[in-house]
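Visitor: Here it is: the structure, laid out below.
The values are calculated or read from the model by the stated rules, or taken from the named source; none is laboratory data. What you see is a predicted model; the values in this text were computed from it and never measured. Please note: Cβ atoms are built from the backbone with ideal geometry, for glycine as well, and neighbour counts cover all protein chains shown.
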Amino acid sequence: MNSIIATHQLSKTYNLRAKQIVALTDLNIEVQKGEIFGYLGPNGAGKTTTIRLLLDLIRPSHGKAEVFGLDVRQHAVDIHKRIGYLPGELNLWPNQNARRVVRHFGELRGGVDWRYVDQLTERLKLDLSMKFRSYSTGNKRKLGLVLALMHQPELLILDEPTSGLDPLMQQEFNQIMREWRDSGRTVFLSSHMLSEVQAICDRVAILKDGKLKTVQTMQEFMRREFRLVSITFRDTPRTEPLAAVSGVQNLRVEGHQVHLRMAGDVDPLLKALHDQYIIDFDAEDASLEDVFLAYYSNNHATVPVKERA
């Protein structure tokens with residue numbers, strides 16, 4: 001079994017004051033063993049709803065989810081033993097110091113490798129002598145990471161894990177996640193921090209209004225999605241031939257320069273330029289941020305969902 005997480009038409013609708021709110025619609029994803037899977041979307045896209053369904057904290061309106069090949073509703077207790085979870089909002093006992101909190105969770109887990117816990121706190125530079133209420137937002141996230149990682153689970157489910165971390169700690173987090181993946185474990189990472197996802201994820205899903213828009217490898221996102229093209233002409237550019245090229249989007253003119261977004265192969269664009277004098281031509285791969293924003297603009301063409309074979 002390579003699929004650690006699998007959802008089948010997973011859907012959730014909330015009924016609030018006689019009003020229905022659709023949070024998730026027919027979600028079909030598979031997360032493979034030994035990968036870091038990024039789950040992208042703004043607030044309200046359905047990311048946290050997905051996580052709560054995977055953990056059986058809420059029940060689906062339709063469809064089902066499996067973790068480790070087990071139905072999350074029928075085997076929630078067994079699944080939770082094998083998972084490390086960091087929620088988006090971590091609420092713990094405000095007057096307890098962090099060391100007692102860690103000890104308590106360690107005992108609930110039936111015992112952990114305390115040397116490993118010490119290594120984690122050292123790497124994250126977390127002072128466990130402080131009370132939880134005294135922690136900054138970043139230190140609360142560090143404590144949450146320690147609690148999620150301390151029993152060295154097979155699967156990590158992390159909701160906005162680096163919120164509040166300084167750049168050095170973000171780099172340390174990235175390294176820990178790479179080590180986790182390299183050991184054969186799996187990470188499901190929900191985030192809106194595009195640089196974080198770009199740095200460590202193997203595949204990325206984009207969620208919009210509760211609907212899955214695409215699942216692709218990071219390489220597919222960066223190489224095949226679209227390019228940002230800038231062309232400098234000697235004379236006033238004629239844009240009609242460019243606008244007629246399939247895949248050209250967001251074309252704009254600034255003097256003798258034309259800027260556009262090109263999806264697909266560049267060859268048709270070059271052929272459309274054959275009778276105009278070109279001073280400079282620059283095409284660069286889009287960043288993940290460019291790709292993400294494109295999915296949330298009205299100008300983005302529909303992209304079919306891709307899953308690993």
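Visitor: Report, by residue number, each residue of the stretch 162-175 that is on the phi < 0 side of the Ramachandran plot and outside any helix (DSSP H, G or I).
Guide: Listed by number, the residues that qualify are Thr162, Ser163, Leu165, Asp166.
Visitor: Residues in the stretch 17-26: is at least one under 18 Å from Val215 (Cβ atoms) and surrounded by 15 or more Cβ atoms within 10 Å (Cβ to Cβ)? Before you say what the answer is, go through the steps one by one.
Guide: Here is the first cut: in the stretch 17-26, the residues under 18 Å from Val215 (Cβ atoms) are 24-26.
Subsequent filtering for residues that are surrounded by 15 or more Cβ atoms within 10 Å (Cβ to Cβ) retains 24-25.
The answer is yes; a qualifying residue exists.
Visitor: Which one is surrounded by the fewest Cβ atoms within 10 Å (Cβ to Cβ) among residues in the stretch 247-274 that are in contact (Cβ under 8 Å) with a residue 40 or more places away in the chain and more than 27 Å from the chain's Cα centre (by Cα)?
Guide: Only one residue fits best here, namely Leu273.
Visitor: Looking at (1) part of a helix (DSSP H, G or I); (2) assigned by TED's automatic domain parsing to the domain that holds Lys12; (3) not charged (D, E, K, R), find the lone condition where Leu270 falls short.
Guide: Status for Leu270: all satisfied but (2).
Visitor: Given the residues Ser190, Ser246, which is the only one that is assigned to a loop (DSSP other than H, G, I, E, B) and either modelled with pLDDT under 95 or of a type in the set (D, E, K, R) (or both)?
Guide: One residue alone meets the criteria, Ser246.
Visitor: Let me ask something else about it. Looking at the stretch 31-49, which of its residues are closer than 18 Å to Arg82 by Cα and not in a loop (DSSP other than H, G, I, E, B)?
Guide: Listed by number, the residues that qualify are Val31, Gln32, Ile36, Phe37.
Visitor: Could you identify the single residue in Arg115, Arg178 that is assigned to a helix (DSSP H, G or I) and within 18 Å of the chain's Cα centre (by Cα)?
Guide: Arg178
Visitor: Scan the stretch 80-117 residue by residue and report those that are loosely packed, with under 12 Cβ neighbours inside 10 Å and not basic (Lys, Arg).
Guide: Correct list: Glu89, Asn91, Pro94, Asn95, Glu107, Leu108, Gly110, Gly111.
Visitor: Let me ask something else. Is at least one residue of the stretch 118-130 touching a helix residue (DSSP H, G or I) at 6+ places or on another chain (Cβ under 8 Å), of a type in the set (Lys, Arg) and not assigned by TED's automatic domain parsing to the domain that holds Leu212?
Guide: yes
Visitor: Would you please name the residue that is farthest from Glu89 (Cα to Cα), looking only at residues in the stretch 1-30 that are without any contact (Cβ under 8 Å) to a residue 60 or more places away in the chain and in a loop (DSSP other than H, G, I, E, B)?
Guide: Filtering first and then ranking leaves Asn2.
Visitor: Identify, by number, the condition in (1) closer than 22 Å to Cys201 by Cβ; (2) in contact with a Gly (Cβ under 9 Å, 6 or more places away or on another chain) that Glu35 doesn't meet.
Guide: Result: Glu35 passes all but (2).
Visitor: Another one. Give Ser195, Ser230 a once-over and let me know the one that is of a type in the set (Ser, Thr, Tyr), part of a helix (DSSP H, G or I) and either surrounded by fewer than 18 Cβ atoms within 10 Å (Cβ to Cβ) or in contact (Cβ under 8 Å) with a residue 12 or more places away in the chain (or both). Can you show your working first?
Guide: On the way: Ser230 fails: part of a helix (DSSP H, G or I).
None of the others qualify; the one that does is Ser195.
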